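J.: Have a look at the structure that comes next, please.
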């Protein structure tokens, strides 16, 4: 369920001729009279929002979502466009707020809440968090993602996609010029991340893109691409030099967003208003539970060894780097067979996701991820399961430390999270929805919470027992330790995110916390800490998992012997991926606490 950088940060505007007029038209739509407070009226206003604001302002997201009217456009990062977009959003907020929820059905009331939350989160991002002033990687990684969206999905002929790519590439140097104008005293870690990723981004434009389009039939287009692509490469290299020589020495800003902004972000993104102190108590309690369970299982596995020794044994049990991708593929059949035999959830399709190496420009902040086709994509239906491989230039020690993140038990757990029955299954269910709002808008505490919940749920239901995903009792225990270690990673994210951004923890303390409390290797802890500086609410894994477990427990208590796990999971999927508050309201018909 990963969203593109352009959408996550809501970089705004469009830059082709005529788009200034479209921007003013957007404001006219936002200022129009309120709609009638009916389901039809609300959905008409939602269509207005998506068609006249959301997609025109986020052409990369539109491409990824399968809306191809904006494939030759690129986000505009100009300050004037940011200001115009803020005004448009404020207009839409007034219009949605004016819709009386009493006149709406329960589901459409939830859609209205989703739309208002999306608008308010966007305003918070643009006006308060302001990544367009702080994060250099927004610009360089953003244009890379825009190009990748045209390269990887065969929604049109190679020639047509190359034509669209040329149109986008002509606009990319302007994005990097906007970065120089916008970036003001950014946090040093943000500039370092951008510098770290730029060699891979340059390589992507120099090597991957030309190779992907080398067999296009139109020779004139290929010549045009060679010219414009060289201009992008030159602009990226100049940007890298500017970041290193100019921006980095004056990168003294603070990445922390503060308690008030963090509370607002949680409210808008996840519909969670639990006080931060209470959230920390909940996260710390889950961390301690998982540490205790890890110690218990480790003692069964190796009673004469310490937790640290068991971790070393777990880390050493991994495939060689050249077999890593195949190790993930090999898990799929057994997982699907178990899901079917044990009535876990309806699997809407037999098509498997394709396992691929993580694109170079995404390597710095992810080990594995799922990239699924958009909810409105009708042609290019490929889904990609990305896995980050060790850099061939690394020495043996660094490679071994990196590969310790991919022990066989962790590979199994990650396959559950990303594919079966995690993100990929949820993506398949999204295509069954007849609700444009819920196809496009949702919450990380649902998407990531669901995937993280599945890790524990599958083992609790019997996967990983001898003969069912494990050869013997020892391997079964190792699988449980792999699941618990990933749970501890998510617990550490939960606590670190809050403490980093409220000034209760430094980056050095955060990295140590991941090692000592989250049981993570040092290299992984540094990656996780970097991520936390720009992803303050990456508590959503554990947050969502705990909310889903409570919802399941409460529903089971209500239904008693009539409760069926598959029915619960199917009903959960039918809601889309909104905040758990809305799923809970639909399934329990009340607004009882989610935690």
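The values are calculated or read from the model by the stated rules, or taken from the named source; none is laboratory data. On a predicted model such as this, the values are computed, not experimentally measured, just so you know. Backbone-built Cβ (ideal geometry, glycine too); neighbour counts: all protein chains shown.
J.: From the list 393, 400, which residue is surrounded by fewer than 24 Cβ atoms within 10 Å (Cβ to Cβ) and not in a loop (DSSP other than H, G, I, E, B)? Reasoning before the result, please.
T.: Working: 393 fails: not in a loop (DSSP other than H, G, I, E, B).
None of the other options fit; the residue is 400.
J.: Counting only residues that are in a loop (DSSP other than H, G, I, E, B) and crowded, with 16+ Cβ neighbours inside 10 Å, how many does the stretch 237-255 have? Before you say what the answer is, go through the steps one by one.
T.: Keep residues of the stretch 237-255 that are in a loop (DSSP other than H, G, I, E, B), which gives 251-252, 254-255.
Add one more test, that the residue is crowded, with 16+ Cβ neighbours inside 10 Å, and what stays is 251, 255.
Going through the stretch 237-255 one residue at a time, the tally reaches 2.
J.: Can you pull out the residues in the stretch 444-456 that are crowded, with 22+ Cβ neighbours inside 10 Å and either within 20 Å of residue 564 (Cβ to Cβ) or touching a strand residue (DSSP E or B) at 6+ places or on another chain (Cβ under 8 Å) (or both)?
T.: 450, 453, 454 - these are the residues of the stretch 444-456 that are crowded, with 22+ Cβ neighbours inside 10 Å and either within 20 Å of residue 564 (Cβ to Cβ) or touching a strand residue (DSSP E or B) at 6+ places or on another chain (Cβ under 8 Å) (or both).
J.: Now for a separate question. Can you tell me which residues in the stretch 210-225 are surrounded by 14 or more Cβ atoms within 10 Å (Cβ to Cβ) and touching a helix residue (DSSP H, G or I) at 6+ places or on another chain (Cβ under 6 Å)?
T.: 212, 213, 216, 218, 221, 224, 225, listed by residue number.
J.: Surrounded by fewer than 21 Cβ atoms within 10 Å (Cβ to Cβ), out of contact with any strand residue (DSSP E or B) (no Cβ under 9 Å at 6 or more places or on another chain), in contact (Cβ under 8 Å) with a residue 60 or more places away in the chain and not in a helix (DSSP H, G or I): does that describe residue 549?
T.: So residue 549 does not fit the description; no.
J.: When only residues in the stretch 302-320 that are more than 14 Å from residue 408 (Cβ to Cβ) and in contact with a helix residue (DSSP H, G or I) (Cβ under 7 Å, 6 or more places away or on another chain) count, which is surrounded by the most Cβ atoms within 10 Å (Cβ to Cβ)?
T.: 310
J.: If you go through the stretch 403-428, how many residues are under 20 Å from residue 67 (Cβ atoms) and surrounded by fewer than 23 Cβ atoms within 10 Å (Cβ to Cβ)?
T.: Result for the stretch 403-428: 1.
J.: Taking the stated definitions as given, is residue 296 more than 21 Å from residue 502 (Cβ to Cβ) and in contact with a strand residue (DSSP E or B) (Cβ under 7 Å, 6 or more places away or on another chain)?
T.: When the stated conditions are applied, residue 296 does not pass them.
J.: When the stretch 430-443 is examined, which residues are found to be assigned to a helix (DSSP H, G or I) and surrounded by fewer than 23 Cβ atoms within 10 Å (Cβ to Cβ)?
T.: Result: 430, 436, 438, 439.
J.: Being more than 25 Å from the chain's Cα centre (by Cα) and outside any helix (DSSP H, G or I) is the filter here; which residues of the stretch 171-206 pass it?
T.: Matches in the stretch 171-206: 184, 185.
J.: For the structure I just gave you, tell me whether residue 506 is at pLDDT 95 or above, surrounded by 19 or more Cβ atoms within 10 Å (Cβ to Cβ) and not assigned by TED's automatic domain parsing to the domain that holds residue 317.
T.: no
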